[in-house]
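Colleague: Take a look at the following structure, please.
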Amino acid sequence: MIKRRAVLFVLVLLMAPLVSGCGSEGEGPLGERDLVRINNVTFSFEEFRQMSERQPLEWKMRLVSEKGLRDFLENYVITREVLYQEAKKRGFDSKKEIVKKVEDFRRAMAIDALLEETLRDKGEVSDREIQQFYQENVGRFTEPQEVKVRHIFVTSEAVLQEVLGRLSKGETFETLASIYNVDKSREDGGNLGYIRRGQLAPAFGPFEEVAFSLRKKGDISEVVKTPHGYHIIKLDERRGRVVRPLDKVKEKIRFFLQQKKRQEAYLEYVKEAKAKAKIVINEELWSEEEKKGAKPTEEKK
């Protein structure tokens with residue numbers, strides 16, 4: 001997640017012109033509240049503060065000290081503006097592909113803002129609705145009292161990829177667990193025996209959720225990450241039945257119903273918006289391109 005955020009963050013830096021900084025005087029002393037001037041662009045201290053406040057949380061954590069703020073000024077604000085000015089000199093800001101990316105980004109941000117405002121109160125779920133859903137779908141919350149599982153447990157991503165490769169080629173789960181596991185379960189093909197709900201330490205919450213979600217004997221899970229490493233789980237047996245109490249699943253139900261309500265509201269809003277719009281599709285062109293096997297295009301007027 002952090003990696004994806006960082007990529008988006010860099011993309012925004014490259015696509016967007018520096019937010020304010022609109023002073024045009026290239027000579028003379030800085031104004032009383034001006035913090036820095038790069039060539040003919042000046043930034044006030046207030047603009048600098050606003051930029052620092054807009055950073056993601058993991059970046060903000062670095063800005064709590066004077067040194068962190070100074071680094072942000074020199075290595076973010078100044079560096080970005082210098083590079084942006086150089087890019088403008090060389091005409092990169094007006095290149096067709098850059099302009100298209102900026103337009104795509106602007107459209108996406110505008111759509112996000114529209115939907116955020118339109119759907120703001122559409123996902124509210126009451127305790128009564130949660131209770132009703134629980135009662136009407138009790139089967140969803142009935143699970144085995146215990147599950148008997150095996151796992152392959154490694155601590156290296158490189159080793160994990162090797163294991164996944166060998167699994168995909170048909171090597172047995174038990175054999176690979178005996179070879180690769182870093183815990184005592186390697187002595188018995190990754191066997192962990194029977195597990196009850198809540199038996200594992202909180203750090204293994206994701207492991208428990210996945211183990212109890214496996215349905216059929218022999219089912220193998222996706223990779224599960226815990227603070228201790230990477231796990232692949234195999235179900236050996238399920239025994240007993242128990243209904244998870246409402247207080248243990250309440251927030252999951254709330255999240256599910258919130259998403260369901262928002263999705264329904266979104267679809268209804270899109271339907272209404274399309275009904276108001278005049279949309280014309282060039283069916284002849286669509287048909288021609290379809291015959292060629294090419295991706296058809298739409299013509300909207």
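The values are calculated or read from the model by the stated rules, or taken from the named source; none is laboratory data. In this text the structure is predicted, and so the values were computed from the model without any measurement. Neighbour counts run over all protein chains shown; Cβ positions are idealised from the backbone, glycine included.
Colleague: Would it be correct to say that Asp183 is farther than 20 Å from Val147 by Cβ and not small (Gly, Ala, Ser)?
Modeller: Taking the combined requirement at face value, the residue does not satisfy it.
Colleague: Just to be sure before I move on: is Ser178 hydroxyl-bearing (Ser, Thr, Tyr), surrounded by 15 or more Cβ atoms within 10 Å (Cβ to Cβ) and either assigned by TED's automatic domain parsing to the domain that holds Glu209 or on the phi > 0 side of the Ramachandran plot (or both) in the structure I sent?
Modeller: yes
Colleague: Criterion first (touching a helix residue (DSSP H, G or I) at 6+ places or on another chain (Cβ under 9 Å), in a strand (DSSP E or B) and either acidic (Asp, Glu) or under 24 Å from Gln263 (Cβ atoms) (or both)) does Glu143 satisfy it?
Modeller: Judged against the criteria, Glu143 is a match.
Colleague: Provide a single number: the residues in the stretch 230-247 that are exposed (fewer than 14 other Cβ atoms within 10 Å of the Cβ) and of a type in the set (Lys, Arg).
Modeller: The number of residues fulfilling the criteria is 2.
Colleague: For the stretch 72-84, state whether one or more residues are modelled with pLDDT of 90 or more and either outside the structural domain of Met61 (by TED's automatic domain parsing) or at positive phi (or both).
Modeller: No, because not a single residue in the stretch 72-84 is modelled with pLDDT of 90 or more and either outside the structural domain of Met61 (by TED's automatic domain parsing) or at positive phi (or both).
Colleague: Name, by its number, the condition in (1) part of a helix (DSSP H, G or I); (2) crowded, with 17+ Cβ neighbours inside 10 Å that does not hold for Lys250.
Modeller: (2)
Colleague: A follow-up question, please. Please indicate, with yes or no, whether at least one residue in the stretch 185-204 is in contact (Cβ under 8 Å) with a residue 12 or more places away in the chain, closer than 28 Å to Thr155 by Cα, in contact with a Pro (Cβ under 7 Å, 6 or more places away or on another chain) and in the same structural domain as Pro144 (by TED's automatic domain parsing).
Modeller: Yes - at least one qualifying residue is present in the stretch 185-204.
Colleague: Is it the case, given these coordinates, that Glu209 is within 21 Å of the chain's Cα centre (by Cα), among the charged types (D, E, K, R) and farther than 30 Å from Gln135 by Cα?
Modeller: Considered against the rule, which asks whether it is within 21 Å of the chain's Cα centre (by Cα), among the charged types (D, E, K, R) and farther than 30 Å from Gln135 by Cα, Glu209 comes out as no.
Colleague: Identify, please: which residue in the stretch 134-174 is β-branched (Val, Ile, Thr) and exposed (fewer than 14 other Cβ atoms within 10 Å of the Cβ) and is, among those, farthest from Glu237 (Cα to Cα)?
Modeller: Thr155
Colleague: Would you check which residues across the stretch 110-123 are loosely packed, with under 12 Cβ neighbours inside 10 Å and either in contact (Cβ under 8 Å) with a residue 12 or more places away in the chain or within 19 Å of the chain's Cα centre (by Cα) (or both) and list them?
Modeller: Ile111, Asp112, Ala113, Glu116
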